[in-house]
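J.: One structure is given below, represented as structure tokens, and several questions about it will come after.
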Amino acid sequence: TEGEVIEQIKTLVSVLPANNEDDMSYIECTDDLNRLTPELEGRISDPALALNIISDSGYVLEVKKNFAREMFTGFIRLNGNTVGVVANRRALYDENGEIADEFENVLSHQGSDKAAGFVEFCDAFNIPVLTLVDVKGYRATKCSEKRMPKAGAKLTYAYANATVPKVSLIVGDAYGSASLSMNSKSIGADIVFAWENAKMGMMNASEAVKIIYSSEDIKTTLEEKTREYENLQNSAVYAARRGYVDDIITVADTRKRLLAAFEMLFTKKEDRPYKKHGSI
């Protein structure tokens, strides 16, 4: 209804600063800054539920929630500050806690456009951006493949061009070029965390093993070779050794580590050439 729309607009305006130099969107935080979040792992498939645990006093404001639902965009508060969030979504739960819809953890052109526009919006208002990463590739449909190159480039550019504090947390898969577009270290993320069970690399271990070895070589050792490849190439430890990840954190420490990261980046300033911008 018209009244509900007006209330949603009022709520959105309440979390936004007046402009990129205004800090009046800050409110006093009454939540525990060191609160542990061990229950987070069981809810991470739906970022709306997971962020309810991470955010101050459970505050979550999702925007464009009925468009490209496999990609979450919205606002939370951390230590009283407004933070924009982009996250891959695997499941959508209804009011009764039942799964209403499920999604493959891949990038679509609609989801990429949605996320890119949101990152640009946050950058315009100088709002920090948190990215929860769980993506293994691109949506393989005729429509998506036609539009995905431009949409993927737009998402990559939006993150690379943003000068606000940018923090990523890898909570599941982070495979191939799709993961690079989701605020990776390669395109300018300030801090990248990963959960201990996160998987990172060029591709899924079982698929990689089938390419490396012939079917006769791995007929009896497929599981062993997959496990070996995963430990050597796709683990969080592997990524940290090569500088793709800054730190491996536990699920329980997620809230306080994200708070500390944004606190450290609070005064971040990044200068760019005067009146120079891209055209993607």
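The values are calculated or read from the model by the stated rules, or taken from the named source; none is laboratory data. Predicted, not measured: the structure shown is a model, and the values here were computed from it. Here the Cβ positions follow ideal geometry from the backbone for every residue, glycine too, while neighbour counts run over all protein chains shown. Surface areas here come from the heavy atoms of the whole protein model, side chains and all, with no ligands, DNA or RNA. Shrake-Rupley method; radii C 1.70, N 1.55, O 1.52, S 1.80 Å.
J.: Which pairs do you get when a residue that is over 11 Å from LEU130 (Cβ atoms) and without any contact (Cβ under 8 Å) to a residue 12 or more places away in the chain, found in region 75-94, comes within reach of a residue that is open to solvent by 20 Å² or more (accessible area, probe 1.4 Å) and not β-branched (Val, Ile, Thr), reach meaning Cβ atoms under 8 angstrom, with the pair 6+ apart or on two chains?
T.: So the pair list comes out as ASP94/ALA100.
J.: Inspect all residues belonging to region 101-110 and state whether any of them is over 23 Å from SER177 (Cβ atoms) and surrounded by fewer than 18 Cβ atoms within 10 Å (Cβ to Cβ).
T.: yes
J.: Any idea which of ARG242, ARG227 is modelled with pLDDT of 80 or more and open to solvent by 70 Å² or more (accessible area, probe 1.4 Å)?
T.: ARG242
J.: If you don't mind, another one. If you go through region 201-212 one residue at a time, do you hit one that is open to solvent by less than 10 Å² (accessible area, probe 1.4 Å), assigned to a helix (DSSP H, G or I) and at pLDDT 90 or above? Reasoning before the result, please.
T.: Step one: filter region 201-212 for residues open to solvent by less than 10 Å² (accessible area, probe 1.4 Å), giving 205, 208-209.
Applying the additional criterion that residues be assigned to a helix (DSSP H, G or I) yields 205, 208-209.
Filter once more, so that each one left must be at pLDDT 90 or above: none.
No: zero hits.
J.: Here's another thing I want to ask about it. Scan region 12-23 residue by residue and report those that are part of a helix (DSSP H, G or I) and either in contact (Cβ under 8 Å) with a residue 60 or more places away in the chain or surrounded by 11 or more Cβ atoms within 10 Å (Cβ to Cβ) (or both).
T.: Within region 12-23, the subset part of a helix (DSSP H, G or I) is 12-15.
Of everything in region 12-23, those that are part of a helix (DSSP H, G or I) and either in contact (Cβ under 8 Å) with a residue 60 or more places away in the chain or surrounded by 11 or more Cβ atoms within 10 Å (Cβ to Cβ) (or both) turn out to be LEU12, SER14, VAL15.
For every residue, the table says whether it meets (1) open to solvent by 10 Å² or more (accessible area, probe 1.4 Å); (2) within 23 Å of LYS10 (Cα to Cα); (3) out of contact with any Pro (no Cβ under 9 Å at 6 or more places or on another chain); (4) at pLDDT below 95.
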position: ALA50; (1), (2), (3), (4): no, no, yes, no
position: LYS65; (1), (2), (3), (4): yes, yes, yes, yes
position: MET71; (1), (2), (3), (4): no, no, yes, no
position: ILE76; (1), (2), (3), (4): no, yes, yes, no
position: GLY84; (1), (2), (3), (4): no, yes, no, no
position: ARG89; (1), (2), (3), (4): no, no, no, no
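J.: Something else now. Report, ordered by the first and then the second residue, all pairs with beta carbons closer than 7 Å, sequence separation of six or more or different chains, a first member in region 255-280 that is farther than 30 Å from GLY58 by Cβ, and a second member that is in a loop (DSSP other than H, G, I, E, B) and among the charged types (D, E, K, R).
T.: none
J.: Sticking with this one: Given the condition open to solvent by 100 Å² or more (accessible area, probe 1.4 Å) and either part of a helix (DSSP H, G or I) or modelled with pLDDT of 70 or more (or both), answer yes or no: does some residue in region 245-259 qualify?
T.: No; the residues of region 245-259 include none that is open to solvent by 100 Å² or more (accessible area, probe 1.4 Å) and either part of a helix (DSSP H, G or I) or modelled with pLDDT of 70 or more (or both).
J.: Something else about it: Would you be able to say whether some residue in region 147-154 is touching a strand residue (DSSP E or B) at 6+ places or on another chain (Cβ under 7 Å), surrounded by fewer than 18 Cβ atoms within 10 Å (Cβ to Cβ) and among the small types (Gly, Ala, Ser)?
T.: There is no residue in region 147-154 that is touching a strand residue (DSSP E or B) at 6+ places or on another chain (Cβ under 7 Å), surrounded by fewer than 18 Cβ atoms within 10 Å (Cβ to Cβ) and among the small types (Gly, Ala, Ser).
J.: Which residue out of ASN66, ASN34, ASN19 is touching a Phe, Trp or Tyr at 6+ places or on another chain (Cβ under 8 Å) and not acidic (Asp, Glu)?
T.: ASN19
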